[in-house]
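Where a number appears in this text, it was derived from the coordinates with a stated rule and is not lab data. Only a predicted model underlies this, so the values are computations on that prediction, with no experimental measurement involved. As a convention, Cβ positions derive from the backbone with ideal geometry for all residues, glycine included, and neighbour counts pool all protein chains shown.
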Amino acid sequence: MKKTKTIITTPIYYPNAKLHIGHAYTTTLADVLSRFRKLENKQVFFMTGSDEHGQKLSDKAKENNQEVYDYVTDIVKNFKLLWEKLDIEYDVFIRTTDQTHKDNVQKIFQMLFDKNLIYKDYYEGFYCKSDESYFTKTQLEEGNCPICKREVSLFKEESYFLRVKDFKEWITKLLKEEDILFPQFRVNELLGSFIENDLEDLAISRKDFKWGIEIPNDENFVIYVWFDALLNYLSSFAYSSAPFGIESWNEETTEVVQFLGKEIIRFHALYWPIILKNLNYKMPKLLAHGWLIVDGEKMSKSLGNVIDPLEVIEKWGSDTLRFYLLKTVSFGSDGKFSEETLLRDYNGILVNKISNLVNRVFSMNAKYFNSKIPEATITLEETKNTNKNLILIEKKIIDVMENYDFNNYIDLVIKYSEELNGYIDLTTPWKETNEEKLKEIIWFLINKIYSLFVLIKPIMPKASFQVFEALNVQKHSFDNLFIDLKNIEIPKELILFERRK
Ligand code: ME8
């Protein structure tokens, strides 16, 4: 069935430090999909935010001699600044300390408790503060946290639990048959590591500290930060900037897409579906990407290899960072970030293939037609062939993004620019003496440059905006890629990306 609405989420990030290019990668993916769906005339709800409770943040604030809320508020300002600079167009930025969210979490906790999906008992196990995660003894790696390898602490306390074990069969079938988690190989990893070995009910309360949402009618406890955090995806619908209500979640014509990094698959593909099922919400599509690796390692403060996206944007611009992140990481696998490959792609693709194409065509239009786009129709064999190839690519782009194939999307966009460059080489307008033919070539090129930048807009909104300004077109949609621009004056040149050393 054709979808008419799209719900897109990113993880809500911990405000314990500035965000790095790993976070920028996830959020860029989400933003690209959001802009893409809007160009398909769909109604999009794109949410992101900050995960502000938990022991890690409470300890961090103490180290800084600050109230936790003040401490996280400063960092959240930096999140918002980054999203602004990276051209992220979200509808809701949710903070888990917002009253709307807290009320929603308490309401849902109570509902699930009343349904006996949550019960009270004793917990004994290991806790990693850094990942805010519980582990059983067998899950530890050499006695340490299997995610971050840090020390864990052993504790026993009274706790509330979410029933998970009871859903073993259901979740196994769901993951195997329903295609909710992509890439597919992550399904086997999850089934192997957590489900077949030791699926335990999840402790969802903490007694020893206060920085969290109180459990209704039991003020000695706060709700475990992960249970609190996952529910953000539902609380966001209560915000005034949400473009539509929660009832749309279950509509058959609504697509729900959730982006996440591979290390938080267990929360999203195991516990979250159980919560959703018990609240009668349909299953989302979970897109789990790999990590960005710098100097051979996952970024971390202690290794000193953290790349600040704000610095990259300052130096290269947001379009370049967005383009590079999508191009360099093969979705699902880890990808290496380096300034050498960034420079290579910048000069090799953005300058040589895209910016030069635009500038060459604009200057030819100035030289041959005094900057006024000529009027023409398709008659030449070369134009017919190129047009056919380009229309094929346009269709493929729509198709591949039905399946969230970001790498193919970006490759196809590059191919589109190569086709146009090839068309210039083939038709050699500088040698053309027939006025009508020359008109056709330049008219066709300008119109297809327009189409190229509609296709590229989700990835590089700034460059597209510049091209649309130059061509004086305000409205864009994938339904209307060819708009027959003619008889209008456009600039003599347009340099989108300048060569760098
Ligand atoms: O896990 N490469 O927050 P978080 C790529 N608050 N992506 C990376 C990355 C890297 N090196 N490092 C981080 C949390 N990410 C929880 C989420 S959701 C209900 C709660 C991205 O601040 C990636 O998306 O640790 C990863 O899943 C997320 O940041 C973790 O962010």
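Points worth noting:
- Across the chain, the mean sequence separation of Cα contacts (distance under 8 Å, 6 or more residues apart), normalised by length, yields a relative contact order of 17 percent.
- Rg in Å to one decimal, and Dmax rounded to a whole Å, for the stretch 365-501 via C-alpha atoms: 15.0, 46
- For the chain, the list of Cys residues with no other Cys C-beta under 4.7 Å reads CYS148.
- Cα gyration tensor category, rounded, prolate or oblate, for the stretch 174-248 with a/c compared to 1.5: oblate
- Inter-site label distance for ASP70 and LEU343 at 7 Å from Cα along Cβ, in nm: 4.5 nm
- Coil-residue GluC sites (Glu not before Pro) of the stretch 128-168, DSSP, other Cβ within 10 Å capped at 15: GLU142
- Cα-based Kirkwood hydrodynamic radius, the stretch 66-215, one decimal, Å: 18.4 Å
- Calculated over the stretch 203-361, the projected area of the Cα convex hull averaged across directions stands at 14.6 nm².
- Note on LYS149 and GLU169: the extension gain reaches 4.2 nm, defined as 0.36 nm multiplied by sequence separation minus the Cα-Cα distance.
- Neighbour-count ranking [beta-carbon atoms within 10 angstrom, fewest first] of MET1, MET460, MET111: MET1, MET111, MET460
- The stretch 166-235, relative contact order [Cα under 8 Å, separation at least 6], %: 20 percent
- Each Cα pair under 8 Å and six or more residues apart adds its sequence gap; the mean of these over the residue count of the stretch 1-44 is a relative contact order of 61 percent.
- Label point 7 Å beyond Cα of PHE209 along Cβ direction - residues of the stretch 19-63 with amide nitrogen under 13 Å: 52-63
- Estimated FRET transfer efficiency (SER477, ASP411; beta-carbon r; R0 25 Å; 0.05): 0.65
- Per-selection metrics, the stretch 96-146 (Cα): Rg and Dmax in Å: 15.3, 41
- Anisotropy class of the stretch 29-129 from Cα gyration tensor, a/c 1.5 cut: oblate
- Taking Cα centre as origin and charging only the Cβ of basic (Lys, Arg, +1) and acidic (Asp, Glu, -1) residues, the dipole magnitude of the chain rounds to 1020 debye.
- Histogram of C-alpha separations across the chain, 10 Å bin width, %: 4, 18, 27, 23, 14, 8, 5, 2, 0
- For the chain, adding -39500 (n - 2.57) for each run of n ≥ 4 DSSP H residues and dividing by the number of residues yields -13500 deg cm²/dmol at 222 nm.
- Likely footprinting exposure, LYS384, LYS439, fewest C-beta neighbours within 10 Å first: LYS384, LYS439
- Over all Cα atoms in the stretch 335-393, the spread is summed up by Rg and Dmax: 16.6, 47 Å.
- Inter-centroid distance (Cα atoms) of the stretch 312-380 relative to the stretch 54-96, Å: 34 Å
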